[in-house]
1. Of all the helices (runs of 4 or more DSSP H) wholly in region 89-193, which have at least 1 residues that are modelled with pLDDT under 80 and not charged (D, E, K, R)?
2. Just one of the numbered conditions (1) over 23 Å from residue 85 (Cα atoms); (2) of a type in the set (Gly, Ala, Ser); (3) open to solvent by 30 Å² or more (accessible area, probe 1.4 Å) is not true of residue 317; which one?
3. Identify all residues within region 279-293 that are within 12 Å of residue 91 (Cβ to Cβ) and part of a loop (DSSP other than H, G, I, E, B); write none if there are none.
4. Can you pull out the residues in region 187-212 that are crowded, with 24+ Cβ neighbours inside 10 Å and aliphatic (A, V, I, L, M)?
5. Is there any pair with a first residue in region 389-400 that is over 16 Å from residue 337 (Cα atoms) and a second that is assigned to a helix (DSSP H, G or I) and not aliphatic (A, V, I, L, M) whose Cβ atoms are under 7 Å apart and which are 6 or more apart or on different chains, and what are they?
6. Out of 256, 329, I need the residue that is polar (S, T, N, Q), open to solvent by less than 50 Å² (accessible area, probe 1.4 Å) and not in a helix (DSSP H, G or I). Which one?
7. Which condition breaks for residue 170 when tested against (1) under 25 Å from residue 288 (Cβ atoms); (2) in contact (Cβ under 8 Å) with a residue 60 or more places away in the chain?
8. Of the residues 222, 204, only one is out of contact with any Cys (no Cβ under 6 Å at 6 or more places or on another chain) and assigned to a loop (DSSP other than H, G, I, E, B); which?
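The values are calculated or read from the model by the stated rules, or taken from the named source; none is laboratory data. What you see is a predicted model, and the numbers here were worked out from it, not measured in a lab. Neighbour counts run over all protein chains shown; Cβ positions are idealised from the backbone, glycine included. The protein model used for the area step is the full one, side chains on, heavy atoms only, and it has no ligands, DNA or RNA in it. Shrake-Rupley method; radii C 1.70, N 1.55, O 1.52, S 1.80 Å.
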Amino acid sequence: MPLSLRQTVWLCLALGVCAVLALPGTAPGLGGEARLTLAVFALATCAWIAAPVDDTYIALGAGLALTVTGVISADTLFATLGDATVWLLICAFVLAAAVTRTGLAGRAAAFLVTGAGSVRRLVHLTTAALVVTAFAVPATSGRAALALPVFLALAQALADRRRLVVMLALLFPTVILLSAVATLIGAGAHLITVGVLLEQTGESLGFARWLVLGLPLAVVSSHLAAEAVLLTTTRQKDRRAPVRITVAAIQEHSPTPVSGPLSPPEQRCLLLLCTVVVLWCSEPLHGVSPAVVALIGAVVASSPALGTVRMKDGLRSVPWPMLLFMAATMAMGVALAESGAAGWLVGGLPDGVPPWVFLAVVVAVSTAAHLVLQSRSARSSVLVPLVVAAAVGAGVNPVAAALASTAAAGFCQTLPASAKPVALFAEPPDGVPSFTPRDLLRLSAVLAPLSAVLVLCFALFVWPLLGVPVLLESQP
């Protein structure tokens, strides 16, 4: 198959980097293992950007190349699959399958949106409901699939108000993507960030600490984005007219009841979910790992007597390619750190850069990265190891820098292909009207700078109050 111009350019760039690294005398101070690591890293990054090959296949190939060449050991490569964060995500997906099977999510959505009397209230109630789903369903694509029937019901109830339907089609994926930062299991990129921080700095970010730092940002950014969607998509007369969403409209697109008393399986699942979330949030009190709590929850959720889903069905819902991708990219992060490649890459940065300037550059680059790397996990795999190494050299707290990069990389609403939730709502079934690429670009022009400024403000002013200082030397 002939290469396109874009693929040819990126292939030439990757091969050029490899050729420079292979020449003796170039890149002084760079060891042999570091050269190999940078060559593999450059090839993998360019392949993620331009090659029509699955991201997981590329990551596994890069991890295998680093292992065969001796940069990392086989034990290091395979140990990433047994990492606690990987187990946390596996068990979280089993729990999510149990929640989805009972229909609790549909009940929660119906409870919120049927109380809306105005367009603005409908928007913010929907936003609140979508933020809450971050605690029950890991991964943004899973939450988008869960929310699609609710959107279809709302679209049917508002069929005579096309502009509002288009607005909701934009609102759902936008809030799903921005609210993912609320929890550690909100996106695979978060687990990659935690793994990189642990490997390079020894700093551990648990579920409770991530929740304290991420939830306020998720709530503020989601509701600001909701206002941006509302103002850029609708007119004043659209917003003034009242709305009324009935339970019957939601029920038409839900296979399970969305009103009435909870069934025994729903009661058990709700109690289990609340218990697991409380135990995750209270980790500092009892000291039990979030992964162990999630495993206990998954075993109970799939048990013959108390469960609502069979274990094999729950495991079938786990995105195994994403987990393999995470494991391989964690191994790449280890190679970058241990070979000295990451330190060499950021060694040429100018000294004396003010912390706010450093963080502003990190946020800006991370926000724009979705235009080049469509995979959120791939963006964190490329950026976070370099950001952490650069932060240490610049005297900036690497936790603050890594969090800022990961949160900013969560913005990916410029193109329909930039994120799976956006693509899902761009072409909804049943002939429901949706947004155009022009609508998406108009929203992105407002939301991208707004999101970047908000993340920067949190990194500089809010997170220091929550125990993550900006400067490295001011850490307790």
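1. On the way: elements: 104-113, 119-132, 140-157, 162-178.
Output list reads 104-113, 140-157.
2. (1) is the only condition that residue 317 fails.
3. Of region 279-293, the ones within 12 Å of residue 91 (Cβ to Cβ) are 280, 289-293.
Result: 289, single match.
4. Of everything in region 187-212, those that are crowded, with 24+ Cβ neighbours inside 10 Å and aliphatic (A, V, I, L, M) turn out to be 187, 189, 191, 192, 194, 196.
5. Qualifying pairs under 7 Å: 394/358; 395/473; 396/355; 396/358; 400/463.
6. Of 256, 329, the one residue that is polar (S, T, N, Q), open to solvent by less than 50 Å² (accessible area, probe 1.4 Å) and not in a helix (DSSP H, G or I) is 256.
7. All conditions are met except number (1).
8. Going through 222, 204 in turn, the sole match is 204.
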